[in-house]
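Asks: Encoded as structure tokens, here's the structure I'll be asking about.
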Amino acid sequence: MLAKITSGATVGLTATLVDVEVDVAEQGLPSFTIVGLPDKAVEESKERVRSAIKNSGADFPINRITVNLAPADLPKAGPAYDLPIALGILVASGQIAPEIDDALFFGELSLDGSLRHTNGILPMTYLARIKEMKRVFVPKVNETEAAVVPGVEVYAIDSLLTLVRYFHKTVEIDPAPKISLKKLLVVREAEFDFSEVVGQEQAKRAMEIAAAGNHNLFMKGTPGSGKTMLARALPGILPTLTEDEALEVTKIYSITGNLPEGESIITKRPFRSPHHTTSRIGLIGGGTNPMPGEISLAHRGVLFLDEFPEFPRNVLESLRQPMEDSVVSISRAKGSVTYPANFLLVAASNPCPCGYFGDTKRACTCLPGNISRYQHRISGPILDRIDIHIDVPSVETQKLISKSEKGKAECSKEIQKRVQKARDMQLKRFEGTKLKSNSEMSTRNVKEFCDLSEDCRVILTSAVATMDLSARSYFKVIKIARTIADLAGKKEISSTHIAEALQYRPKTE
């Protein structure tokens, strides 16, 4: 007898339907074969399914069993096909006769028949919605993750036995209650508050602009000046995720298995801080079966690269294309996948190997050649792709010990209000487009959304000549000026906004 169960597979961040066809033949020697480009995890499902069926009180047929995962040319990976394979065997052997034409099944089985946490539930549930399937059956532990998708009834089951009893109509399973995304989304609680950072007013201002417009930022300063503290305080002023952004991020975390168990969605903007020994594949993504890297896990959030020049040259150079296109494409012999990588890069560096070049308190011990080689570890094309460049000098001792400085600095909560207001202005401005922030504007978008007065054009013309700005830097200055105007609540960009934006270009240009 032949049975067909509908499941799915993920390719990159998109999901596609997979038909699990099970044939239990009455003739032939007993065997259990899985075809359709299964990987090792899918092959091993034979033993998990066999034990799960027996330990659930059902009979495992002593027949020739053939399982085909169609389409056959699509590689199948992971243990999520356990549930549809087990169900297909029970249907093909005549032990249950459910009506499942409108349902999708997805889940990993334990040997005792219970269902384990399974990666990729959110894309699978969205696939069911897109294909207009009414029901989706997922593990109980993934219930909240699937319940955020509207238009699909989610049935969360704890074991294969429960599913069999449900189809025998001896137990009832109610669809999981839907979860409202809007109520879940919050601002991330940062490790540090901006009120705790003494001095560094220019750096705080630059951080505010970066958060408001999603602009990449590069900090250079002596050890102990507060670069890392500023970066780790940044999540506290980032705008709240929109519903679309939250779903984009959650898909990545769902596929990679980084979604915390029991949580339905990523509610806060990500903050990723990989060590400088991270490999190119770890940062960009890839592998035999390509998976997202740190830049994709930082999508719609912050990627903090401390000790920026210490990263291997080939790793830093691999950031060029993702920083420009906001996506990363990974090509392998088996095929190509594209992952989103729209992140806010915050990089921090010392000015020299010893860290004290240009410091007023301590003398630098580095030779001129060593300083030059250290600074040139970061290539010009990478620096040109970073919008905001700031120096973070050491804090004066008097400010550190002064009681009057305590409680004087503005807290993160107040800064976040301005950032959120500016980002809301951008979302309204870009309504009807795919743009979410000023940094995403193309050259055409800049000309459309950033009208410049004659005074602004005069300042920019002079800056191009005196600062030797590249075409990319020229448009980055306008984007930053647009963000500064948004923070001030102004519809038009003024010459003061352009002047401030020019201050954040590197002094070497």
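The values are calculated or read from the model by the stated rules, or taken from the named source; none is laboratory data. These numbers were taken from a predicted model, which means no experiment stands behind them. Here the Cβ positions follow ideal geometry from the backbone for every residue, glycine too, while neighbour counts run over all protein chains shown. Please note that ligands, DNA and RNA were not included when accessible areas were found on the heavy atoms of the full protein model with its side chains. Shrake-Rupley method; radii C 1.70, N 1.55, O 1.52, S 1.80 Å.
Asks: Here is a list: 277, 240, 288, 267. Which entry is among the hydroxyl-bearing types (Ser, Thr, Tyr), assigned to a loop (DSSP other than H, G, I, E, B) and closer than 15 Å to residue 416 by Cβ?
Replies: Answer to the check: 240.
Asks: When you go through (1) touching a helix residue (DSSP H, G or I) at 6+ places or on another chain (Cβ under 9 Å); (2) surrounded by fewer than 23 Cβ atoms within 10 Å (Cβ to Cβ); (3) at pLDDT 90 or above one by one for residue 211, which number turns out not to apply?
Replies: (2)
Asks: So is residue 54 out of contact with any Ser or Thr (no Cβ under 9 Å at 6 or more places or on another chain), farther than 30 Å from residue 250 by Cβ and free of Cβ contacts under 8 Å to residues at least 40 places away in the same chain or not?
Replies: For residue 54, the condition - out of contact with any Ser or Thr (no Cβ under 9 Å at 6 or more places or on another chain), farther than 30 Å from residue 250 by Cβ and free of Cβ contacts under 8 Å to residues at least 40 places away in the same chain - is met.
Asks: Follow-up. Using beta carbons and a limit of 9 Å, which pairs, at least six apart or on different chains, have the first residue in region 141-155 and closer than 12 Å to residue 117 by Cα and in a loop (DSSP other than H, G, I, E, B) and the second one modelled with pLDDT under 90 and open to solvent by less than 10 Å² (accessible area, probe 1.4 Å)?
Replies: none
Asks: On to the next question. So if I check each of 257, 224, 286, 282, which one is among the small types (Gly, Ala, Ser) and open to solvent by less than 20 Å² (accessible area, probe 1.4 Å)?
Replies: That would be 286, the only listed residue that is among the small types (Gly, Ala, Ser) and open to solvent by less than 20 Å² (accessible area, probe 1.4 Å).
Asks: Answer yes if at least one residue in region 142-161 is modelled with pLDDT under 95, of a type in the set (Val, Ile, Thr) and surrounded by fewer than 18 Cβ atoms within 10 Å (Cβ to Cβ), and no otherwise.
Replies: Scanning region 142-161, I find no residue that is modelled with pLDDT under 95, of a type in the set (Val, Ile, Thr) and surrounded by fewer than 18 Cβ atoms within 10 Å (Cβ to Cβ), so the answer is no.
Asks: Among 458, 446, 464, which is the only one that is free of Cβ contacts under 8 Å to residues at least 40 places away in the same chain and open to solvent by less than 10 Å² (accessible area, probe 1.4 Å)?
Replies: Checking each option against the conditions leaves just 446.
Asks: Of all helices (runs of 4 or more DSSP H) completely enclosed by region 44-132, which ones contain at least 1 residues that are more than 27 Å from residue 11 (Cα to Cα)?
Replies: It comes to 45-55, 82-92.
Asks: Output the number of residues of region 261-308 satisfying the condition of being polar (S, T, N, Q) and more than 14 Å from the chain's Cα centre (by Cα). Reasoning before the result, please.
Replies: Narrowing region 261-308 to residues polar (S, T, N, Q): 264, 267, 273, 277-279, 288-289, 296.
Okay, now just the ones that are also more than 14 Å from the chain's Cα centre (by Cα), so 264, 277-279, 288-289.
Residues in region 261-308 being polar (S, T, N, Q) and more than 14 Å from the chain's Cα centre (by Cα): 6 in total.
Asks: Here's another thing I want to ask about it. Touching a Pro at 6+ places or on another chain (Cβ under 8 Å), buried (at least 20 other Cβ atoms within 10 Å of the Cβ) and among the charged types (D, E, K, R), is that true of residue 64?
Replies: It is false that residue 64 is touching a Pro at 6+ places or on another chain (Cβ under 8 Å), buried (at least 20 other Cβ atoms within 10 Å of the Cβ) and among the charged types (D, E, K, R).
Asks: Return the residues of region 294-314 that are touching a residue at least 40 places away in the same chain (Cβ under 8 Å) and under 22 Å from residue 251 (Cβ atoms); say none if nothing qualifies.
Replies: 295, 296, 297, 298, 299, 300, 301, 302, 303
Asks: So which of 165, 205 is closer than 23 Å to residue 436 by Cα, without any contact (Cβ under 8 Å) to a residue 40 or more places away in the chain, more than 25 Å from the chain's Cα centre (by Cα) and not in a loop (DSSP other than H, G, I, E, B)?
Replies: The conditions single out 205.
Asks: For region 12-43, what are the residues that are in a strand (DSSP E or B) and closer than 14 Å to residue 80 by Cβ?
Replies: The answer is 15, 16, 17, 18, 20, 34, 38.
Conditions (1) of a type in the set (Gly, Ala, Ser); (2) surrounded by fewer than 22 Cβ atoms within 10 Å (Cβ to Cβ); (3) out of contact with any Pro (no Cβ under 9 Å at 6 or more places or on another chain), marked per residue:
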{"residue": "298", "(1), (2), (3)": "yes, no, no"}
{"residue": "305", "(1), (2), (3)": "no, no, no"}
{"residue": "313", "(1), (2), (3)": "no, yes, yes"}
{"residue": "319", "(1), (2), (3)": "no, no, yes"}
{"residue": "327", "(1), (2), (3)": "no, yes, no"}
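Asks: In region 164-196, which residues are open to solvent by 50 Å² or more (accessible area, probe 1.4 Å) and hydroxyl-bearing (Ser, Thr, Tyr)?
Replies: Within region 164-196, 170, 180 meet the criteria.
Asks: Also, I was wondering about something else. Among 488, 481, which is the only one that is within 15 Å of residue 443 (Cα to Cα), touching a His at 6+ places or on another chain (Cβ under 8 Å) and not hydroxyl-bearing (Ser, Thr, Tyr)?
Replies: 481
Asks: Let me ask something else. Consider residue 340 carefully, then state whether it is surrounded by 13 or more Cβ atoms within 10 Å (Cβ to Cβ) and more than 30 Å from the chain's Cα centre (by Cα). Give the steps one after another, and end with the answer.
Replies: Numbers: surrounded by 13 or more Cβ atoms within 10 Å (Cβ to Cβ): yes; more than 30 Å from the chain's Cα centre (by Cα): no.
Criteria not met by residue 340.
Asks: Quick check on region 412-428. Is at least one of its residues buried (at least 18 other Cβ atoms within 10 Å of the Cβ), among the hydroxyl-bearing types (Ser, Thr, Tyr) and either over 30 Å from residue 359 (Cβ atoms) or at pLDDT 95 or above (or both)? Talk me through it step by step, then tell me what you get.
Replies: From region 412-428, those buried (at least 18 other Cβ atoms within 10 Å of the Cβ) are 412, 415-416, 418-419, 422-423, 425-426; that's our starting set.
So of that shortlist, the ones also among the hydroxyl-bearing types (Ser, Thr, Tyr) come out as 412.
Still in the running and either over 30 Å from residue 359 (Cβ atoms) or at pLDDT 95 or above (or both): none.
Checked against the condition, which is being buried (at least 18 other Cβ atoms within 10 Å of the Cβ), among the hydroxyl-bearing types (Ser, Thr, Tyr) and either over 30 Å from residue 359 (Cβ atoms) or at pLDDT 95 or above (or both), region 412-428 yields no hits at all.
Asks: What do you reckon, is residue 250 closer than 23 Å to residue 440 by Cα, modelled with pLDDT of 90 or more and open to solvent by 20 Å² or more (accessible area, probe 1.4 Å)?
Replies: Working: closer than 23 Å to residue 440 by Cα: yes; modelled with pLDDT of 90 or more: yes; open to solvent by 20 Å² or more (accessible area, probe 1.4 Å): no.
Here the answer is no, as residue 250 does not meet what is asked.
Asks: If you go through region 471-509, how many residues are within 30 Å of the chain's Cα centre (by Cα) and in contact (Cβ under 8 Å) with a residue 40 or more places away in the chain?
Replies: Summing the residues that are within 30 Å of the chain's Cα centre (by Cα) and in contact (Cβ under 8 Å) with a residue 40 or more places away in the chain in region 471-509 gives 14.
Asks: Could you tell me whether residue 479 is part of a loop (DSSP other than H, G, I, E, B) and either of a type in the set (Lys, Arg) or at pLDDT 95 or above (or both)?
Replies: The answer is no for residue 479.
Asks: Also: Any idea which of 332, 385 is in contact (Cβ under 8 Å) with a residue 24 or more places away in the chain, within 30 Å of residue 16 (Cα to Cα) and either out of contact with any helix residue (DSSP H, G or I) (no Cβ under 6 Å at 6 or more places or on another chain) or charged (D, E, K, R) (or both)?
Replies: On the way: 385 fails: within 30 Å of residue 16 (Cα to Cα).
That would be 332, the only listed residue that is in contact (Cβ under 8 Å) with a residue 24 or more places away in the chain, within 30 Å of residue 16 (Cα to Cα) and either out of contact with any helix residue (DSSP H, G or I) (no Cβ under 6 Å at 6 or more places or on another chain) or charged (D, E, K, R) (or both).
Asks: Still on this structure, please answer the following. Exactly one of these conditions fails for residue 285: (1) in contact with a Pro (Cβ under 8 Å, 6 or more places away or on another chain); (2) within 30 Å of residue 176 (Cβ to Cβ). Give me its number.
Replies: Status for residue 285: all satisfied but (2).
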